[in-house]
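Down below is the structure, laid out as C-alpha cells.
Readers should treat all values here as calculations from the given coordinates under stated rules, not as data from a laboratory. Everything numeric here is computed off the predicted structure, so don't read it as measured data. For neighbour counting, all protein chains shown are included, and Cβ atoms are generated from backbone atoms with ideal geometry for every residue, glycine included.
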C-alpha cells in the first residue's frame, strides 16, 4: 500500500520465493545422477495487487507451482519398447541354448551320427555277410538313437528350466503391482491437498518400467493421480489403491506352470510381452516345435527301417523283424524313446532273396537316406530344416532385440532432454536465484533501516 511495512513484506516474500527456487535447484543438482528422476522447475507469478485509495499497488511475487518435467507419451512408448525388449531377451536366451544342441561344427548335432549310420550301411552293402560290418551298423544305429534321445532330453530340460522361471516372474510382478498401488494412494492423497507429488510419481514411473520388463502392460490415466494398469488382454493389475495379484499353478496335463488372473482366469496364452511373455513363447511354442520336428524325423526313420528290414532275410535266412523299437503311436516322444531293437548283428536283413551274399535289401535300406520320408523331405533334409528353423529363430530374435535396444536408447535420450538434469543449466539458475535472493535481502535491510530511523524520529519528537 506504499508503506514501509508493505515494501518489507514484498521483500520477504521475494526472499522466500527465491529460497524455494534455490532449494528446488539444489535438489535437481543432487539428483542429477538418480535414475528416473525428473527435474523440477519453479513457476513464479505476480502476487495479486492490493487496491488502496483507488490505486492498485503491486504485492510482490509468489510461487504458483513446482512441477516435474516429464513427457508421459514418451514414457509410455519407452514402457512398450521395454516390454518388447524383455520378451526378446528372454526368448533369445532360451533359444540360444536350443541352438547349441544342433551345432554341427562343435560336434553336438545329429547330422554326423545320421551320416555315420548310412555310411555303415554303405560299407555293409559291399560285403553283406561280414559280421564285423554288421556290428558296425548296429553300433552306429545305437549311437544315432542315443543322440536322438539325448537331444530330446536336453530340449525337455531347457523347457523345464524356462518353466521354473514362471513362478519367480509372477512373484516379481505381484510385488511391483503392490508397490505401484500403494504409490497411487500416496500420489492421489498428496495431489488432493495441493502438494507436489513429483518424487512419488518418479518412483511409480520406475516401477512401471520394471513391470514392463516382466509382462505386457497397458497404462490408463485413472484420474486424481491414479494410474490404472492391465495386461494388453485386459486382465487387471492395478486399479487405484488396489493391486490384483497373479498366481502360478501347475497344469495337471503338462505339469508346466500356468498364469492365472483373478483366481481362476488362465491368461497364459495371452501374455505376449516382457520376459515372462518371451519365456512362455519359448516354452510353449518354439521348443515344442523343435521337439515335434525331431520326433517326426526319428519316428519316420524308425518306421521306414522297420518296414525295410521286415522285407528281407537275415544272415540265417530268417525273415527280418523290427530294426528299431516301434515308435510311440502318433510319433510324439519318438526321439526320446528311440532305441535299436536288434542286438544280434546276424538279424540284420541284408538279403532280399534269402541268399547269404545278396545285398539288395541292405541297399534298399541305404536308399532311405534319399527318400522323402519326413514330410516330403529326406531325413537329412528334414534335419537341416530343423537346424535352419532353430537358427532363424535366434537370428530373428537378435535382430528384434537390437532394434528394440536402439529404439529404447533413442527414447531415453528424448526423455532425458525433457526430464534430465543439466548441471550447467542448474548452475546458471543457482546464480540467478542467489542474486535475486541477495537483492531482496538488501531491500529488506534498507527498509529495516528506514523503519528504525522513522521510529527514532517519532520517538525523538516526543
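Subtracting the Cα-Cα distance of residue 3 and residue 45 from their residue separation scaled by 0.36 nm leaves 12.9 nm.
Quick check on the stretch 76-410: take the gyration tensor over C-alpha atoms, sort the square-rooted eigenvalues as a ≥ b ≥ c, and tell me if it's rounded (a/c under 1.5), prolate or oblate. Prolate is the answer for the stretch 76-410, as a/c is 1.5 or above and a/b outweighs b/c.
Here the label points at residue 455 and residue 127, each 7 Å from Cα along the C-beta direction, are separated by 12.5 nm in the simple model.
Counting 0.36 nm for each residue step from residue 265 to residue 186 and taking away their Cα separation leaves a gain of 25.4 nm. Using only Cα atoms, tell me the angle between helix 131-192 and the longest principal axis of the chain; keep it within 0 to 90° and round to the nearest 10. Taking the Cα atoms of the chain, the angle to 131-192 is about 20 degrees. Computed extension gain for residue 412 through residue 29, at 0.36 nm per residue and net of the alpha carbon distance, reaches 135.9 nm.
Principal-axis analysis of the Cα atoms of the chain puts helix 423-461 at an angle of about 20° to the longest axis. When you work out D = kT/(6 pi eta Rh) for the stretch 305-346 at 10 °C and 1.306 mPa s, using the Kirkwood radius from C-alpha pairs as Rh and the Stokes-Einstein form, the result is 143 µm²/s. Report note on the peptides 59-65, 346-352: ranked by the mean count of other C-beta atoms within 10 Å, highest first, their order is 346-352, 59-65. Each peptide among 288-298, 171-181, 371-381 gets the average number of other Cβ atoms lying within 10 Å of its residues, and from highest to lowest they stand as 288-298, 171-181, 371-381. Extending 7 Å from Cα along the Cβ direction at residue 446 and again at residue 307 yields two label points whose distance is 10.8 nm.
Arranged from fewest to most other beta-carbon atoms within 10 Å of their beta carbon, 163, 79, 353 become 353, 163, 79. Simple spin-label estimate for residue 427 and residue 76 gives 3.8 nm between the two label positions (7 Å along the Cα-to-Cβ direction from each Cα).
Cα gyration tensor of the stretch 193-291, axes a ≥ b ≥ c as square roots of the eigenvalues: rounded (a/c below 1.5), prolate (a/b > b/c) or oblate? Here the stretch 193-291 falls in the prolate category. Helical runs assigned H by DSSP (4 residues or longer) give the chain a calculated mean residue ellipticity at 222 nm of -21000 deg cm²/dmol, each run adding -39500 (n - 2.57) before division by the residue total. Pop the C-beta distance of residue 167 and residue 332 into the FRET formula with R0 = 25 Å and round what comes out to the nearest 0.05. The value I calculate is 0.40. Computed from Cα atoms, the angle from the helix 198-212 axis to the main principal axis of the chain rounds to 10 degrees. Classified by the C-alpha gyration tensor, the stretch 331-430 has a prolate form. Its axis ratio a/c, with a ≥ b ≥ c, is 1.5 or above, and a/b is larger than b/c.
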